[in-house]
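S.K.: Before I ask anything, let me first share the structure, which is written out below as structure tokens.
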Amino acid sequence: MRAPLVNFRRFQITAPWPLVWFVTALFLLARLVVLVVRLGVASVRHWRAWPAVALVVVAVDVYRSHGWWPHLLVLTVVAVAGGVWWWRGRDSFHRLIVLRAVSVWRRLWVYRRQWHEVMSLCGLVKKYDGGEKLPRLLSVRCTYATDELVVRMPRGQNPEVYHKAARDLAYSFGTRHCRVFTGRRQGPPHRSGRLAWLLRLIDRVRFRDRPRQVWLVFIRRDPLTRIVSPLSVPARPDFAALPMGLREDLAVYTLRLLATHVLIGGATRMGKGSVIWSLLRALAAGIRSGLVRVWAIDPKGGMELSIGRPLFSRYVDDDWTRMADLLDDAVARMRARQQILRGKVRVHTPTVDEPLIVIVIDELAALLAFLPDSDIRQRVTQALGLLLTQGAGLGVLVVAATQDPRKEIVTVRDFFPTRIALGLTERGHVDLLLGDGARDRGALADQIPLSAKGVAYVLLDGQPEPARVRFSFLTDDAIRDLAATFPAPAESQPEPVVIPAQPKPTRTNGNGQRSYRPTPPKQAAPLLPPSLLHALDLDTANGSDPR
């Protein structure tokens, strides 16, 4: 019988002692390397804590050497310097000191403290191999109104799970609104200078696509409860960024009007006029210089747009035929530009000679669904179809508002690339206006209260998630002042003059009295087809009775 390798009773080892010590030392060395690597990874991951750790070490060493008075002196100097900084540069002090301190506090006390509990109760924890996989909180950045959290999803999840749990997350962390974004909200900054190439390389790493990360934006306080005052009129309108109102994060919402059409949907008295007048205010300088020509159609008899009549180069509110003629003239302008720009450019650049034409229609459903004359309605539908499918790149744009976004009411709804959803009456209207799944991604337009007029959900460029904004409100006096200050120049092609029909001359009998001549009756068509007439043996040639 062979002896065992280790005899524990007598502690006798048959193997050579050098081999045992070598294996033991190799194992301990491997464990030490793993420990050092983990410590290095943790220190790099928490590099923001290095200054605080160094400051604590220095403070302890100074206290042991000199006592408390150096600390009091440093605190006094810091307080005085902070007060002077706050007095002279309040914005930078809030951005660099106050908001960062708030971010650290809310990360530790509000989110990190109850992260595991909230993630478990909201159904965002994955079970694997007898353990739990939680979403990982990477960073927290606070603004005056929002908290932006960067979260790394565990494997086996997608952003749709967070869209569905957005309301649960909001109320769990003590807020009312939570927005979920699948991509970074800010793009890389523009770099210039000698070190621009190095900064671009760093930005390429910092702003690279990270599919496993989602951005959760919690609305700490809602800035959209107050009415937004009219924004300043730009000296020259930027058609790629027209200031229209405020977003939830207190940033200015800018609308991209270049090469697009805009559809505004909202129930009665929910602020469609705020969107239209905010747009006209942003275009006011271009309207006065002739860079922009606004053609307005108000099927409601001028109750909304007539107050700003001087802003419009062409305006119709009382004649259905003239409304159709205006749209036909816009199609003619579009055709003329096609002949000029064909083969040269793909997107029209507005100039004074070839201005941007914006057709504003206050109630689109009145023209497409409720217009009494079917022939005129057909003309309007055909003209709008041509403008919406071909006019964006040619500088002939349509901005229309409607109360009902259903397809059977607004037949050309799908041709509007840009859509704005104000307060709607039905849950299904949200997806009809903003696209399928928009409500699940956070566009709760059917829950906007009547007191929040002008609040809307919009789709920003490059982001599938809707953003919540509030458009500026212009009073009647502000609209009159705007129209008086920025009137549109005379239209180079005037509106068609409607010539009243001349009455037909009546025949008289020589004594000045009209003579009555009955009109001959029209030949009545047979009520039965010819085959049935022959079957009944009717002689239709001489009009005889049937036999």
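S.K.: With respect to the numbered conditions (1) in a loop (DSSP other than H, G, I, E, B); (2) in contact with a Phe, Trp or Tyr (Cβ under 8 Å, 6 or more places away or on another chain), which one is the sole condition not fulfilled by Phe239?
M.R.: (2)
S.K.: Right, here's the next one. So which of Gly302, Gly286 ends up being open to solvent by less than 10 Å² (accessible area, probe 1.4 Å) and in a loop (DSSP other than H, G, I, E, B)?
M.R.: Of the residues listed, the single one that is open to solvent by less than 10 Å² (accessible area, probe 1.4 Å) and in a loop (DSSP other than H, G, I, E, B) is Gly302.
S.K.: Taking Ile297, is it of a type in the set (A, V, I, L, M), in contact (Cβ under 8 Å) with a residue 40 or more places away in the chain and touching a helix residue (DSSP H, G or I) at 6+ places or on another chain (Cβ under 6 Å)?
M.R.: yes
S.K.: Does region 307-320 include one or more residues that are closer than 27 Å to Ala240 by Cβ and of a type in the set (D, E, K, R)?
M.R.: Yes, region 307-320 contains at least one residue that is closer than 27 Å to Ala240 by Cβ and of a type in the set (D, E, K, R).
S.K.: If we scan region 70-85, do we find a residue that is within 29 Å of the chain's Cα centre (by Cα) and within 30 Å of Glu248 (Cβ to Cβ)?
M.R.: no
S.K.: Another question, then. For region 225-236, does any single residue satisfy the condition of being of a type outside the set (Val, Ile, Thr), within 20 Å of the chain's Cα centre (by Cα) and surrounded by 13 or more Cβ atoms within 10 Å (Cβ to Cβ)?
M.R.: Checking region 225-236: at least one residue is of a type outside the set (Val, Ile, Thr), within 20 Å of the chain's Cα centre (by Cα) and surrounded by 13 or more Cβ atoms within 10 Å (Cβ to Cβ).
S.K.: While we're here: Restricting attention to region 237-274, which residues are β-branched (Val, Ile, Thr), within 13 Å of the chain's Cα centre (by Cα) and open to solvent by less than 30 Å² (accessible area, probe 1.4 Å)?
M.R.: Val262, Ile264
S.K.: Please tell me if Gln390 is farther than 29 Å from Gly290 by Cα, polar (S, T, N, Q) and surrounded by 13 or more Cβ atoms within 10 Å (Cβ to Cβ).
M.R.: Here the answer is no, as Gln390 does not meet what is asked.
S.K.: Separate question: Can you run down the residue pairs with Cβ atoms below 6 Å, 6 or more apart or on separate chains, where the first is in region 464-489 and touching a residue at least 40 places away in the same chain (Cβ under 8 Å) and closer than 15 Å to Val292 by Cβ and the partner is among the hydroxyl-bearing types (Ser, Thr, Tyr) and crowded, with 20+ Cβ neighbours inside 10 Å?
M.R.: Every condition considered, the pairs that remain are Ala488/Ser313.
S.K.: Going by what's in this entry, would Gly156 be described as over 26 Å from the mean Cα position of the chain (by Cα), surrounded by fewer than 16 Cβ atoms within 10 Å (Cβ to Cβ) and either on the phi > 0 side of the Ramachandran plot or at pLDDT 95 or above (or both)?
M.R.: yes
S.K.: How many residues does region 420-461 hold that are touching a helix residue (DSSP H, G or I) at 6+ places or on another chain (Cβ under 6 Å), surrounded by 18 or more Cβ atoms within 10 Å (Cβ to Cβ) and basic (Lys, Arg)?
M.R.: Of the residues in region 420-461, 2 are touching a helix residue (DSSP H, G or I) at 6+ places or on another chain (Cβ under 6 Å), surrounded by 18 or more Cβ atoms within 10 Å (Cβ to Cβ) and basic (Lys, Arg).
S.K.: Further question on the same structure: Is region 197-214 home to any residue that is hydrophobic (A, V, I, L, M, F, W, C) and touching a residue at least 24 places away in the same chain (Cβ under 8 Å)?
M.R.: Yes; the residues of region 197-214 include at least one that is hydrophobic (A, V, I, L, M, F, W, C) and touching a residue at least 24 places away in the same chain (Cβ under 8 Å).
S.K.: On to the next question. Find all pairs meeting these conditions: Cβ atoms under 7 angstrom apart; at least six residues apart or on different chains; first residue within region 134-150 and over 12 Å from Tyr111 (Cα atoms) and open to solvent by 20 Å² or more (accessible area, probe 1.4 Å); second residue part of a loop (DSSP other than H, G, I, E, B) and not hydrophobic (A, V, I, L, M, F, W, C).
M.R.: These pairs meet every condition: Leu134/Pro154; Thr143/Asp249.
S.K.: Take the conditions farther than 15 Å from Ala251 by Cα, buried (at least 16 other Cβ atoms within 10 Å of the Cβ) and out of contact with any Cys (no Cβ under 6 Å at 6 or more places or on another chain) and apply them to Leu474. Does it pass?
M.R.: yes
The values are calculated or read from the model by the stated rules, or taken from the named source; none is laboratory data. Note that the structure is predicted; figures quoted are calculated from it, not measured. When we count neighbours, we look across all protein chains shown, and the Cβ atoms used for this are built from the backbone with ideal geometry, even at glycine. For the accessible areas, the whole protein counts, side chains as well, though only heavy atoms, and no ligand, DNA or RNA atoms are used. Shrake-Rupley method; radii C 1.70, N 1.55, O 1.52, S 1.80 Å.
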